[in-house]
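One structure is given here, and the rest of the page talks about it.
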Amino acid sequence: MDFGGVLADAPPQPPAPPGLVRRLAELVDGAVPDEQIARDLGEGARAYALWRDDVGRTGDPVELPHAQVWADFVTRSWPREARAAVEREATPLAYAWTWRREWAVRPGIGEALRHAADAGLPMAVVSNTLCGAAHRDFLAAAGLSGLFGAEFYSDEAGPRKPNPELALRAARAVAVPIGDCWFVGDTVHRDVVCARRAGTGAAILMRSPRTDREPALPGVEPDARIEDGHGLLALLREHARP
C-alpha cells in the first residue's frame, strides 16, 4: 500500500515552510538571507518534483540520498560553509521538509486495515518519499503501524516506484508470493506501472487529488478503481474466500 493518497491524505504544503526557513537560517548563521532561503526552497521543491517525474520514466529509478537532494536542488549557490552545515544535518532537515501537520488518515482506511488484519492478510507499506521516517512516525501516532508487517520507503530502501524492486522486497518481507499480492496506490504512472512490472495479482487505484492531475497512460489500467478506504473494505469483502 502506498502512503500519500492511500493511507493518508497529503494536502500540498508551501514549498518553503516558514519554520523550515527559520531552521535553515539559524543553521547557516546568517550566511544566506531568509529571502534567498525561501526562494531556493521553493525553486528546489519544484526542481525535485520535476526530477521525480523524469526519473520515474527511466528503467529502474532509485532515490537520491538526503544530502544530494539538498546539494542538487537547494544549496548549490550557497557559501561553502553553509552548504556543509546543511549537509551535516541533511537527514533531520529532510524529515522537517517531509512532515506535514495536515496529514490525516484517509476515510475508511482504519476499518479496511483492521478487517484485513483480522482476516490474516499480511500488509506492507511501499512509498516514494524524501524521508520515510516521517511517514513511519505518522502511522505509529495514528495507531496503524502495528498492522503492517513491513514498511519500505524509497529514501531508506533505494529503489523508487515504478521500480518493481520496492514491491518485490515488500512481498518477500511479508512472505507472500508477489502474484498473490494486491498493490494499492493512487497513481497510474508510479503505482499501477510498478504493480504490473512486479507481477502483482492486482493493481488497485485509489483516487486522490494526484490521481486527477495525472495524464493518461495508454495501455495501462488498474484492475479496480476505488474512492477511499471504504471502497477498499468493500473490495476486500467482495473477494474474501468463503
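The values are calculated or read from the model by the stated rules, or taken from the named source; none is laboratory data. Just so it is clear, the model here is predicted, and its values are computed rather than measured. Neighbour counts are summed over all protein chains in view; Cβ atoms, including those assigned to glycine, are modelled from backbone coordinates with ideal geometry. Calculation scope for accessible area: heavy atoms of the full protein, side chains included, ligands and nucleic acids excluded. Shrake-Rupley method; radii C 1.70, N 1.55, O 1.52, S 1.80 Å.
Given 0.36 nm per residue, what is the gain on full extension from Ala47 to Val174 after removing their alpha carbon distance, in nm? Please list the in-between numbers first.
Working: separation 127, 0.36 × 127 = 45.72 nm, distance 3.52 nm.
Extra length available between Ala47 and Val174 comes to 42.2 nm.
Which one, Leu205, Met123, Ala90, projects farthest toward the positive side of the charge dipole computed for the range 77-211 from Cβ point charges (K/R +1, D/E -1)? Result: Leu205.
Restrict the search to the range 57-119; then list the trypsin sites (Lys or Arg not before Pro) that DSSP places in a loop and that have at most 15 other Cβ atoms within 10 Å of their Cβ.
Working: sites: Arg57, Arg76, Arg80, Arg83, Arg88, Arg100, Arg101, Arg114; in loops: Arg57, Arg76, Arg100, Arg101.
Here the trypsin sites (Lys or Arg not before Pro) that fit, given the DSSP loop and packing criteria, are Arg57, Arg76, Arg101.
Inter-part distance, the range 92-155 to the range 166-242, computed on C-alpha centroids, equals 16 Å.
A convex hull fitted around the alpha carbon atoms of the chain yields 117 Å³ per residue. Taking the inverse of the mean reciprocal distance over all distinct Cα pairs, the Kirkwood hydrodynamic radius of the range 154-242 comes to 13.6 Å.
Highest first, please rank the peptides 61-67, 115-121 by the mean number of other Cβ atoms sitting within 10 Å of their residues. All intermediate terms of the calculation are to be shown ahead of the outcome.
Values: 61-67: 18.9, 115-121: 13.4.
Averaged packing, sorted descending, gives the order 61-67, 115-121.
Amide H to amide H distances under 5 Å link Ile226 with Leu205, Met206, Arg207, where only residues 5 or more positions off or on other chains count and H is placed in the peptide plane. List the residues, sorted by chain then number, that are 5 or more residues from Ala8 or on another chain and whose placed amide H is less than 5 Å from its amide H. Sorted by chain and number, the residues that satisfy this are Arg106. In a simple Cβ point-charge model (Lys, Arg +1; Asp, Glu -1; nothing else charged), the range 25-97 has a dipole of about 160 debye relative to its Cα centre.
Membrane-span-like helices of the chain, defined as complete DSSP H segments with a Cα extent of 24 Å or more along the helix axis and a mean Kyte hydropathy of at least -1.0, are identified as 34-55.
Which FRET efficiency, nearest 0.05, do Leu27 and Thr58 yield, Cβ-Cβ r, R0 45 Å? Spell out each step's value before the answer.
Values: r = 33 Å, r/R0 = 0.73.
Computed FRET efficiency for Leu27 and Thr58 comes out at 0.85.
Note on the chain: antiparallel DSSP beta bridges, both residues inside, total approximately 20 percent of the bridges counted.
When +1 charges are put on Lys and Arg Cβ atoms and -1 charges on Asp and Glu Cβ atoms, the dipole computed for the chain relative to its Cα centre reaches about 240 debye. For Asp180, the accessible area of its heavy atoms, probed at 1.4 Å with every protein chain present, is near 110 square angstrom.
Using a probe of 1.4 Å on the protein chains alone, the accessible area found for Val21 is around 20 Å². For Arg160, nonlocal amide neighbours, meaning residues 5 or more places apart or on other chains whose placed amide H falls under 5 Å from its own, are Val62, Glu63. At a probe radius of 1.4 angstrom, the accessible area of the range 1-108 per residue rounds to 52 square angstrom.
Ordered by 1.4 Å accessible area with all protein chains kept, His239, His189 run largest first as His239, His189.
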